[in-house]
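The values are calculated or read from the model by the stated rules, or taken from the named source; none is laboratory data. Everything numeric in this text was worked out from a predicted model, so none of it was measured. Cβ: placed from backbone, ideal geometry, glycine included. Neighbour counts: every protein chain shown. Surface accessibility is based on the protein's heavy atoms, side chains included, excluding ligands, DNA and RNA. Shrake-Rupley method; radii C 1.70, N 1.55, O 1.52, S 1.80 Å.
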Amino acid sequence: MPDCIFCKIVAGEIPSDIVYQDDEIIAFKDINPQAPHHILIIPCRHIETILDLTTDDTALIGKMILNANNIARKLGLSKNGYRLVFNCKHDGGQDVYHIHLHLLGGRKMTWPPG
Ligand code: AMP
Ligand code: ZN
């Protein structure tokens, strides 16, 4: 996906502050953090929205969530907690059409979200 900014991060074509990487997923710091800790966990493979997931991706999504938990533990967030978010399409507030799991922590989140 030549115009996908997150595919370019996976390919190392644009810089990012990577906190975890393997052959299936990569996690990096959000460039515009909305909390003291704001990490994005993405699949290396281009998937536009969470609506495009299939049953073949069940393990991949599970891995993304477990990886977010591991990162949260390392950041010291497991005692007070944190928030995991997938935004989906326009009304969900999705700006980058390569799925990403937001890990937000380090402050008390509000509800309902904006
Ligand atoms: P969403 O609105 O759910 O699509 O979230 C997209 C997120 O990607 C936003 O929080 C942006 O700040 C973040 N973002 C966009 N470009 C970059 C980049 N080059 N490096 C890190 N994070 C980015
Ligand atoms: Zn992509």
Residue within the range 88-106 that is of a type outside the set (Ser, Thr, Tyr), within 16 Å of ligand 2 (Cβ to nearest atom) and free of Cβ contacts under 8 Å to residues at least 24 places away in the same chain present: yes
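Taking the range 84-111 only, how many residues are open to solvent by less than 100 Å² (accessible area, probe 1.4 Å) and over 24 Å from residue 10 (Cβ atoms)?
Going residue by residue through the range 84-111, those that are open to solvent by less than 100 Å² (accessible area, probe 1.4 Å) are 84-89, 92-94, 96-106, 109-110.
Subset that is over 24 Å from residue 10 (Cβ atoms): 106, 109-110.
Number satisfying all stated conditions: 3.
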Hits in the range 38-66 (condition: in a strand (DSSP E or B) and either open to solvent by 60 Å² or more (accessible area, probe 1.4 Å) or within 16 Å of ligand 2 (Cβ to nearest atom) (or both)): 40, 41, 42, 43
Residue match in the range 51-69 (condition: free of Cβ contacts under 8 Å to residues at least 40 places away in the same chain and touching a His at 6+ places or on another chain (Cβ under 6 Å)): no
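If a residue must be part of a strand (DSSP E or B) and closer than 11 Å to residue 100 by Cα, how many such residues does the range 13-37 contain?
Initial filter on the range 13-37 (part of a strand (DSSP E or B)): 18-21, 25-29, 37.
Applying the additional criterion that residues be closer than 11 Å to residue 100 by Cα yields 25-28.
Residues meeting the conditions: 4.
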Test: residue in the range 3-11 that is outside any helix (DSSP H, G or I), under 28 Å from residue 106 (Cβ atoms) and modelled with pLDDT of 95 or more: no
Residue list for the range 8-28, restricted to those being in contact (Cβ under 8 Å) with a residue 40 or more places away in the chain and closer than 9 Å to residue 42 by Cα: 25, 27
Residue count, the range 67-114 (criterion: at negative phi and in a loop (DSSP other than H, G, I, E, B)): 23
